[in-house]
Amino acid sequence: MLAVNKNKFRIVQISPVEYIHSQCFDEVVLLLKYAFESLGIDCDLSKNIFDENKINIVVGSNLLKYSDSLKNFIYIPFQLEQISKNSPWFNENFIKIMQNAYEVWDYSIENVNTLQKFSVKAKYLPLGYNERLERIKHLKINDKNIDILFYGSVNERRKKVLDELNNFNVKILFGVYGAERDAYIAKSKILINIHYYETKIFESVRISYLLNNRCFIISEESIENPYKDIDLVVAPYEKIVEFCRFYLSRADLIEKKRNENYEQFKTKYYMSNFLNQLLADIKI
């Protein structure tokens, strides 16, 4: 067994050169770091560099190429992608990385069930609230000039809904992250969530950050809902446009729901509590 201090952690964000989309996990990296710190546990951040003397929490493990060098480290992938048979990265390399890990954390129960079928020691870690991740300064509802904001990659499934919303002021972002993306969120009335795959796994990475920042969300219904104690606005795929139309006519409800959802998230889904439960089981 390696000489690892179980009270010291490093969050390793896999960030290939010139691949900007690894930034989509920036907020999760910070959320995890803040959760460790609130528990009084030493934790640092790194891009691509592992530490032999720490437990390495790997974010973006689907971008990692397995090599024998990984055997020199204790690592725990925090798996944040939707696992689908159509995912190009879900291959022997990815499965080997998962199987050779100390354990794997995943944001989705459905993903956990899939990974366990491949003899992966997968555990569920939902994404929760942390006060230090509140960063968006919203405009007043009447000053918001974007009716509906969607950010993420667009396939035919998503495009169909977005095209049907062309009577509204819709903004679509792709490859925009951090403060620039947050500035668009601050002036948007509705943040819309449409599943990429027919598997309909809940996009917790996106939605947890929006809940953390008092955003009003309309989400397509999912096969699972990790936030059952939050009264989210959820619509069947074929009724997303109808729901958007209704709420855009009721600014009062938008304000009411975004504040209610924020308070529910803050009260019942504190990230440090979830993390603490998993850390209690680590035996090194």
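No value in this document is a laboratory result; all are computed from the given coordinates. Predicted model, so just to flag it, every value in this text is computed and none were measured. For neighbour counting, all protein chains shown are included, and Cβ atoms are generated from backbone atoms with ideal geometry for every residue, glycine included.
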Open item on the list: Multiplying the sequence separation of residue 71 and residue 197 by 0.36 nm and subtracting their Cα-Cα distance, what value in nm do you get?
Closed with: 42.0 nm
Task: residue 116 paired with residue 99, simple spin-label distance in nm, labels 7 Å along Cα-to-beta-carbon - done: 1.9 nm
Task: Distance-filtered residues of the range 118-138 - backbone nitrogen under 18 Å, label point 7 angstrom along residue 259 Cα→Cβ - done: 136-138
- [ ] Run the quick spin-label model on residue 164 and residue 46: label points 7 Å from Cα toward the beta carbon, then report their separation in nm to one decimal.
- [x] 4.8 nm
Task: Nearby aspartates and glutamates by direct alpha-carbon distance to residue 71 (threshold 16 angstrom, same-chain neighbours under 8 apart not counted) - done: 51, 52, 103
Open item on the list: Please arrange 43, 244 by how many other C-beta atoms lie within 10 Å of their C-beta, fewest to most.
Closed with: 43, 244
- [ ] Treating the Cα atoms of the range 132-268 as identical point scatterers in vacuum, please give the log10 of the normalised Debye intensity I(q)/I(0) at q = 0.22 Å⁻¹, two decimals.
- [x] -1.67
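Take the Cα radius of gyration of the chain and divide it by 2.2 N^0.38 Å, with N its residue count; two decimals is plenty. If you can, show how the numbers build up before the last one.
Values: Rg = 19.2 Å, N = 284, 2.2 N^0.38 = 18.8 Å.
Its radius of gyration relative to the 2.2 N^0.38 Å reference: 1.02.
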Task: Spin-label zone in the range 232-265 - amide nitrogen under 14 Å from a point set 7 Å from the Cα of residue 134 along the C-beta vector - done: 259-265
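Suppose only helical runs count, i.e. DSSP H with n ≥ 4. What mean residue ellipticity at 222 nm does that imply for the chain under -39500 (n - 2.57) per run, divided by all residues and rounded to the nearest 500 deg cm²/dmol? Working shown, then result.
Numbers: 9 runs with 92 residues, N = 284.
That calculation yields -9500 deg cm²/dmol at 222 nm.
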- [ ] Sum up the charges of everything whose Cβ sits under 12 Å from the Cβ of residue 271, counting Lys and Arg as +1 and Asp and Glu as -1, but leave residue 271 out.
- [x] +1
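What ranking do 117, 200 get, fewest neighbouring Cβ atoms within 10 angstrom at the top? The partial results should precede the final answer.
On the way: 117 8, 200 16.
Ranking 117, 200 by Cβ neighbours within 10 Å, fewest first, gives 117, 200.
Would you mind putting 155-166, 252-263, 101-112, 202-213 in packing order, based on average other-beta-carbon counts within 10 Å, highest first? Mind dumping the intermediate values first?
Numbers: 155-166: 13.7, 252-263: 15.9, 101-112: 20.7, 202-213: 22.4.
My ranking of the peptides, most packed first, is 202-213, 101-112, 252-263, 155-166.
Of the cross-linked pairs 171/228; 228/268; 123/283; 8/121; 8/65, which ones have a Cα-Cα span greater than 19 Å in the structure shown? Display every interim value, and only then the final one.
Working: 171/228 29 Å; 228/268 10 Å; 123/283 15 Å; 8/121 21 Å; 8/65 25 Å.
Table pairs above 19 Å Cα-Cα are 171/228; 8/121; 8/65.
By counting other Cβ atoms within 10 Å of each Cβ, how are 267, 114 ranked from fewest to most?
Going from sparsest to densest Cβ surroundings: 267, 114.
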- [ ] Counting only C-alpha contacts under 8 Å and six or more residues apart, can you give the relative contact order of the chain as a whole percent?
- [x] 17 percent
Task: Those residues of the range 62-106 whose amide nitrogen sits under 13 Å from the label point placed on residue 157, 7 Å along Cα→Cβ - done: 82-87
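What does the charge add up to near residue 178, with Lys and Arg as +1, Asp and Glu as -1, over the other residues with Cβ less than 10 Å from its Cβ? Write out the running numbers ahead of the final one.
Numbers: positive: 135, 181; negative: 26, 27, 180, 182.
Residues close to residue 178 contribute a combined charge of -2.
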